[in-house]
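K.L.:
First the structure, then my questions, so here it is.
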Amino acid sequence: MVLGVNHVRADVALRGDLSLDQPPLLTALYTRLKREAGFEGAVVLSTCNRTEIYTTEALPVERVATLWGETVGVLPAQFADAAYVHGGDGAVAHLFQVAAGLDAMVLGETEILGQVKDAYAVAQQEHAAGVLHRVFQAAFKAAKRAHAETAISERALSLGYAARELAIKIFGDDLPGRRVLVVGAGAMAAKAFRHLRDASADVTVVNRTPARADALVASAGGRAAPWSDLASLVASSDVVVTATRSPTVVIPTKWVRAAAPLRRGVPWLFLDLAVPRNVAPGVGRVPGVLRYDLDDLDAVVQKNRARRAAEVDAVRQILGEEAARLAREMDTAAVGPVIRSLREKAEHIRSDELEALWRRLPDLSPAERAAVEQTTHRMLTKLLNDPMTSIRQWASVPDGPVYLDALRELFRLDAPSSQPQPD
Amino acid sequence: MAGTGTALAGSSVGFVWGFYEPRHERWAAGGLAAAWVLATVWLAMALALSRPSLATPAVVGNLAVWMAATGFPWWSRRPGWGPLAGFAVPVLTLVWVASQLARPWLPAANASPTLWGWVNLGLLGAAITSLLLGAAAAGMYLEHERELLHKMPRVFYYRLPPLGDLDRWSYRLTVWGWASLSGSIVTGGLLTVPAGVYWVQTIGGAGMVGVWLAYLAYVILRARGWRGHGSSWLTVAAFVALAADVVGAGGVSHGVAAGAWHAW
């Protein structure tokens, strides 16, 4: 069972009030939950977009809501409308979707998987995960498959990251050795600068106010250069990112046209993130030059978003497969103890009867005893073969649990074995 | 022969379809595997029976199929290189079909190969395969660049490796192919001399000289820093010329490997 609130149904203020991301709060809630009668396990997931409590249906949802509210100081009635509850297969499906990023604010994001793993690790530290171990392991596996087998988490969904992705699309493994020029030192320039620095590019920042360029490179590496060097820096750079507030063009076509032949066919990327544009439109018509402005990058981002959305069905199919696998495993796990008990009981009876027989017939030779042992063992194996097969099949039929209960009752499998009666 | 052609054609369709629906690449790979098996059997029979004569375009065509398909499990698993098959296999299919229809280069007289003859043939097959893959990588570069220039991210934008990687691999494959081609020319020439045949005396041989010089120019230009668009076009054009010479004018046999056949 899962009880939670997320970014879809609760505003930032309520999510903040209900957040359990502070360790003392988390420990307090786990302590309260573990004291409850019938507690079998719990995992609390708390991020900036969601807080969810996963537990078993052995605990009433109202009680869980009360404990949560008491821990954070919010009355259950205050978040009843915003909260959602899923039980049984629905709860498993919800966890799988959260781990795979289908329920995330940014579709397909991978960060949430790490957060779910962290939440599970904390639950283990608190000795609270209990019977949820198998469910969470299955969720991790399902999410990994979803990310590996589909493009749900691929492609940039922000302009800054799209700029970096475009540069990598062109230069690939060569990007770390390529020269990147960032013109401007405002917020947009800083985002592009950091993304490109993360890709290990050799980045130079040029700004009309040198102090701001110095401050930017001081925060993430790279180097600053004077505005007077702009023309020569443009000519020697492989990627030029512009994001100034200049009302006029900063990079004219003639600069690019003059330097283009020197590149000998190596692509030249201009990313104009400014409004109004900093790069002359004619630059895009110079052979070998790729010029992308904000509209172009936004179109790429929209395409990326659509491609991620197109993967949702494939992800759901994978999650469905993994959920079915989990259900089978759990059913099989329920059958296992019954099979073991039945076999142990039969073996116990056989060994007891043989002991009695050896006492009645003390003159039997070792070879005769071995023959009797083998014969009784074969009889037992043959006798139990069909029932064992049927029991295993019950793991995958709807009425399986009912049959198992009947079997336990019939053979008194939960009761201790009867003592052998002396003749 | 019909089986190999069918397998290659099906594989080509599957790999091109795979640009848009990657799941079709699985059965396309199965088709290529079938073509590999059939080409292997065909080559083994040709070797055992020497019929048809080893001195035919059909041998070289099947050898190219065998080499490309043998390397497929390796190069198709490199990140981003799955779509290479969609470029290379259709061209390979056309080359194979043309090689099956081309007239034999030489009469099927001596079919018992010498070691040098096999070295010559192996270098030739390696050259064609490598140059084919190099041209396919160049074609991928041009398609990827076209989408980037038009700012229309479509299938190649998302599925192909970065331009820089395509350019680098196209260069490496072409250089390997050119080196193999040079080796094939040298071994073919060495084997020609004792037989009294000089490969430049034929149209195909002269054409092959032109192809080899085109690749030499490519290598020199690359060494001088030339990259990208023009470089890719030259790679594609040179391969087209090579294919036309091999299956059209019989340049390989008469020009490069004729000596090998005569010596055999």
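The values are calculated or read from the model by the stated rules, or taken from the named source; none is laboratory data. Bear in mind the structure is a predicted one, so any value in this text is a computation, not a measurement. Cβ: placed from backbone, ideal geometry, glycine included. Neighbour counts: every protein chain shown.
K.L.:
Has region A:178-199 got at least one residue that is farther than 30 Å from A:Ala93 by Cα, part of a helix (DSSP H, G or I) and of a type in the set (Val, Ile, Thr)?
P.N.:
The first filter runs over region A:178-199 and keeps only residues farther than 30 Å from A:Ala93 by Cα, leaving A:178-199.
Retained after the next criterion (residues that are part of a helix (DSSP H, G or I)): A:187-198.
With of a type in the set (Val, Ile, Thr) added as a condition, the list becomes none.
No.
K.L.:
I've got another one for you. Kindly list the number of the only condition in (1) in a strand (DSSP E or B); (2) out of contact with any Pro (no Cβ under 7 Å at 6 or more places or on another chain) that fails for A:Leu326.
P.N.:
(1)
K.L.:
Kindly provide the set of residues from region A:34-48 that are free of Cβ contacts under 8 Å to residues at least 40 places away in the same chain and outside any helix (DSSP H, G or I), ordered by number.
P.N.:
Initial filter on region A:34-48 (free of Cβ contacts under 8 Å to residues at least 40 places away in the same chain): A:35-38, A:48.
If the condition is that a residue be free of Cβ contacts under 8 Å to residues at least 40 places away in the same chain and outside any helix (DSSP H, G or I), then A:Glu36, A:Ala37, A:Gly38, A:Cys48 are the ones that fit.
K.L.:
Restricting region B:10-26 to residues that are aromatic (Phe, Trp, Tyr) and part of a helix (DSSP H, G or I), which is farthest from B:Val155 (Cα to Cα)?
P.N.:
Filtering region B:10-26 down to residues aromatic (Phe, Trp, Tyr) leaves B:15, B:17, B:19-20.
Still in the running and part of a helix (DSSP H, G or I): B:15, B:17.
Details: B:Phe15: 13, B:Trp17: 11 Å.
Result: B:Phe15.
K.L.:
Can you go through A:Thr389, A:Thr376 and tell me which one is surrounded by 11 or more Cβ atoms within 10 Å (Cβ to Cβ) and out of contact with any Gly (no Cβ under 8 Å at 6 or more places or on another chain)? Show your work before the answer.
P.N.:
Working: A:Thr389 fails: surrounded by 11 or more Cβ atoms within 10 Å (Cβ to Cβ).
Every option except A:Thr376 fails the conditions.
K.L.:
Then there is this: Before we move on, is A:Val289 away from chain B (no Cβ under 14 Å), in contact with a strand residue (DSSP E or B) (Cβ under 6 Å, 6 or more places away or on another chain) and under 19 Å from A:Lys169 (Cβ atoms)? Break it down into steps so the answer makes sense when it comes.
P.N.:
On the way: away from chain B (no Cβ under 14 Å): no; in contact with a strand residue (DSSP E or B) (Cβ under 6 Å, 6 or more places away or on another chain): yes; under 19 Å from A:Lys169 (Cβ atoms): yes.
Here the answer is no, as A:Val289 does not meet what is asked.
K.L.:
Between a residue in region A:205-216 that is among the hydroxyl-bearing types (Ser, Thr, Tyr) and any residue that is crowded, with 16+ Cβ neighbours inside 10 Å and part of a loop (DSSP other than H, G, I, E, B), which pairs come within a Cβ distance under 8 Å, given they are 6 or more apart or on different chains?
P.N.:
A:Thr209/A:Ala185
K.L.:
For A:Lys169, work out the one condition from (1) touching a Phe, Trp or Tyr at 6+ places or on another chain (Cβ under 8 Å); (2) over 30 Å from A:Arg277 (Cα atoms) it doesn't fulfil.
P.N.:
Every listed condition holds for A:Lys169 apart from (2).
K.L.:
Here's another thing I want to ask about it. Report, ordered by the first and then the second residue, all pairs with beta carbons closer than 6 Å, sequence separation of six or more or different chains, a first member in region A:176-200 that is over 9 Å from A:Val241 (Cα atoms), and a second member that is outside any helix (DSSP H, G or I) and charged (D, E, K, R).
P.N.:
A:Arg178/A:Asp238; A:Arg179/A:Asp202; A:Arg179/A:Asp238
K.L.:
Just give me the residues in region A:194-231 being under 22 Å from A:Asp174 (Cβ atoms) and not small (Gly, Ala, Ser), in sequence order.
P.N.:
Of everything in region A:194-231, those that are under 22 Å from A:Asp174 (Cβ atoms) and not small (Gly, Ala, Ser) turn out to be A:Arg194, A:His195, A:Leu196, A:Arg197, A:Asp198, A:Asp202, A:Val203, A:Thr204, A:Val205, A:Arg223.
K.L.:
Right, here's the next one. For region A:256-268, name all the residues that are within 9 Å of chain B (Cβ to nearest Cβ) and either surrounded by fewer than 17 Cβ atoms within 10 Å (Cβ to Cβ) or of a type in the set (A, V, I, L, M, F, W, C) (or both). Please lay out each step first, then the result.
P.N.:
Pass one, region A:256-268, residues within 9 Å of chain B (Cβ to nearest Cβ): A:263-267.
Passing the criteria: A:Arg264, A:Val266.
K.L.:
Follow-up. Would you point out the residue of region A:277-322, among those that are of a type in the set (Val, Ile, Thr) and in a helix (DSSP H, G or I), that is surrounded by the most Cβ atoms within 10 Å (Cβ to Cβ)?
P.N.:
Of the residues in region A:277-322, the ones of a type in the set (Val, Ile, Thr) are A:279, A:283, A:286, A:289, A:300-301, A:312, A:315, A:318.
Now restrict to residues that are in a helix (DSSP H, G or I): A:283, A:300-301, A:312, A:315, A:318.
Details: A:Val283: 25, A:Val300: 23, A:Val301: 19, A:Val312: 17, A:Val315: 27, A:Ile318: 23.
Top of the filtered list is A:Val315.
K.L.:
Counting just the residues of region A:149-177 that are facing chain B (nearest Cβ under 10 Å) and assigned to a loop (DSSP other than H, G, I, E, B), which one comes out nearest to A:Arg316 (Cα to Cα)?
P.N.:
By that ranking, first place goes to A:Ala151.
K.L.:
May I ask you to list the residues in region A:9-29 that are closer than 13 Å to A:Glu126 by Cα and loosely packed, with under 15 Cβ neighbours inside 10 Å?
P.N.:
The initial filter retains those residues of region A:9-29 that are closer than 13 Å to A:Glu126 by Cα, namely A:23-29.
The answer is A:Pro23, A:Pro24.
K.L.:
It is to be established whether one or more residues within region A:196-204 are within 12 Å of chain B (Cβ to nearest Cβ), β-branched (Val, Ile, Thr) and crowded, with 19+ Cβ neighbours inside 10 Å. Step through it out loud before you land on a result.
P.N.:
Taking region A:196-204 as the starting set, the residues that turn out to be within 12 Å of chain B (Cβ to nearest Cβ) are A:199.
Among the residues that remain, those that are also β-branched (Val, Ile, Thr) are: none.
No: region A:196-204 contains no residue that is within 12 Å of chain B (Cβ to nearest Cβ), β-branched (Val, Ile, Thr) and crowded, with 19+ Cβ neighbours inside 10 Å.
K.L.:
Name the residue that is surrounded by the most Cβ atoms within 10 Å (Cβ to Cβ), counting only residues in region B:148-160 that are more than 8 Å from chain A (Cβ to nearest Cβ) and closer than 15 Å to A:Arg291 by Cβ. It would help to see each step written out before you state the result.
P.N.:
If we filter region B:148-160 for residues that are more than 8 Å from chain A (Cβ to nearest Cβ), which is where we start, we get B:150, B:152, B:154-156, B:159-160.
The next check asks that each one be closer than 15 Å to A:Arg291 by Cβ; those that pass are B:150, B:152.
Working: B:His150: 10, B:Met152: 14.
Once the filter is applied, the top-ranked residue is B:Met152.
K.L.:
Residue by residue through region B:161-171, note down the ones that are in contact with a Gly (Cβ under 6 Å, 6 or more places away or on another chain) and within 8 Å of chain A (Cβ to nearest Cβ).
P.N.:
Answer for region B:161-171, where residues must be in contact with a Gly (Cβ under 6 Å, 6 or more places away or on another chain) and within 8 Å of chain A (Cβ to nearest Cβ): B:Pro161, B:Pro162, B:Gly164, B:Asp165.
K.L.:
Of everything in region A:300-358 that's within 25 Å of the chain's Cα centre (by Cα) and of a type in the set (Val, Ile, Thr), which residue is nearest to the other protein chains (Cβ to nearest Cβ)?
P.N.:
A:Val301
K.L.:
Among the listed residues A:Ala100, A:Ala151, A:Ala156, A:Ala142, which satisfies the condition of being buried (at least 23 other Cβ atoms within 10 Å of the Cβ), touching a helix residue (DSSP H, G or I) at 6+ places or on another chain (Cβ under 8 Å) and more than 17 Å from A:Asn6 (Cβ to Cβ)? Give the steps one after another, and end with the answer.
P.N.:
Numbers: A:Ala100 fails: more than 17 Å from A:Asn6 (Cβ to Cβ); A:Ala151 fails: buried (at least 23 other Cβ atoms within 10 Å of the Cβ); A:Ala156 fails: buried (at least 23 other Cβ atoms within 10 Å of the Cβ).
Exactly one of A:Ala100, A:Ala151, A:Ala156, A:Ala142 is buried (at least 23 other Cβ atoms within 10 Å of the Cβ), touching a helix residue (DSSP H, G or I) at 6+ places or on another chain (Cβ under 8 Å) and more than 17 Å from A:Asn6 (Cβ to Cβ), namely A:Ala142.
K.L.:
Restricting attention to region B:144-165, which residues are part of a helix (DSSP H, G or I) and without any contact (Cβ under 8 Å) to a residue 12 or more places away in the chain?
P.N.:
Restricting attention to region B:144-165, the residues satisfying the condition of being part of a helix (DSSP H, G or I) are B:144-149, B:155-159, B:163-165.
Scanning region B:144-165 gives B:Arg146, B:Glu147, B:Leu149, B:Tyr158, B:Gly164.
K.L.:
Quick check, is B:Gly248 over 30 Å from B:Leu163 (Cα atoms), away from chain A (no Cβ under 14 Å) and at pLDDT 60 or above?
P.N.:
Numbers: over 30 Å from B:Leu163 (Cα atoms): yes; away from chain A (no Cβ under 14 Å): yes; at pLDDT 60 or above: yes.
So B:Gly248 fits the description; yes.
K.L.:
Could you list, in sequence order, the residues of region A:3-60 that are of a type in the set (Asp, Glu) and modelled with pLDDT under 90?
P.N.:
First, the residues of region A:3-60 that are of a type in the set (Asp, Glu): A:11, A:17, A:21, A:36, A:40, A:52, A:57.
If the condition is that a residue be of a type in the set (Asp, Glu) and modelled with pLDDT under 90, then A:Asp11, A:Asp21, A:Glu36, A:Glu40, A:Glu57 are the ones that fit.
K.L.:
Residues A:Thr31, A:Thr66, A:Thr51, A:Thr27: which one is farther than 21 Å from A:Asp118 by Cα, outside any loop (DSSP other than H, G, I, E, B) and of a type outside the set (Gly, Ala, Ser)? Walk me through how you get there before you give the answer.
P.N.:
On the way: A:Thr31 fails: farther than 21 Å from A:Asp118 by Cα; A:Thr51 fails: farther than 21 Å from A:Asp118 by Cα; A:Thr27 fails: farther than 21 Å from A:Asp118 by Cα.
Just a single option satisfies the conditions, and that option is A:Thr66.
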